[in-house]
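Have a look at the structure below, then the notes.
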Amino acid sequence: MQPCAPDLALFTSRASGRTITERFRAFDAQNPHVYRELRRMAARRLAAGATRVSVKDLFEDLRHQLPFGVTGLNNNFTALYARRLIDEHPHWANAFELRRRRAD
């Protein structure tokens, strides 16, 4: 038996051949309201006393708030949104748990 090759699906979309980061950037450019709403929701939770915020929870809340959902709001983007929130609001760094990225 030959060793298995790494699962490239972790790194690129089979349909587009683009990395998660590339797909995230395209989605974010087309849907700037998503980041604005995630930022607003995170700020509201932290102001209410939360010490930890889950971007996945924010995603689910956002999906329920928008009348027709957001096409393309992919759970693979949660880590990238969390990093963006921290980059723009460094004082929130302890509120989000980040893991080392395996893919670009």
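Read the figures in this text as sums done on the coordinates, not as results from a lab. Everything numeric here is computed off the predicted structure, so don't read it as measured data. Methodologically, a virtual Cβ is constructed for each residue, glycine included, from the backbone with ideal geometry; neighbour enumeration extends over all protein chains shown.
Positive contributions from Lys and Arg (+1) and negative ones from Asp and Glu (-1), summed over other residues with Cβ under 13 Å from the Cβ of Glu97, come out at +4.
Rounded to the nearest 20 debye, what is the charge dipole size of segment 29-104 about its Cα centre when +1 sits on each Lys and Arg Cβ and -1 on each Asp and Glu Cβ?
Computed charge dipole of segment 29-104: roughly 160 debye.
Full extension of the segment from Thr51 to Arg99, taken as 0.36 nm per residue of separation minus the current Cα-Cα distance, would add 15.5 nm.
Near the amide H of Leu73, within less than 5 Å, lie no amide hydrogens of residues on another chain or at least 5 residues away, with H placed in the peptide plane. A simple rule links phi to the HN-Hα coupling: the Karplus curve 6.51 cos²θ - 1.76 cosθ + 1.60 with θ = phi - 60°, which for segment 35-50 gives 5, 4, 6, 4, 4, 4, 5, 4, 4, 5, 5, 5, 5, 7, x, 5 Hz, with x for Gly and Pro. With N the number of residues in segment 11-95, Rg(Cα) / (2.2 N^0.38 Å) evaluates to 1.11. Compared with the direct C-alpha span, the chain from Asn76 to Ala29 gains 15.3 nm at full extension, assuming 0.36 nm per residue.
The mean sequence distance of close C-alpha pairs (under 8 Å, at least 6 residues apart), as a share of the length of segment 11-95, puts its relative contact order at 27 percent.
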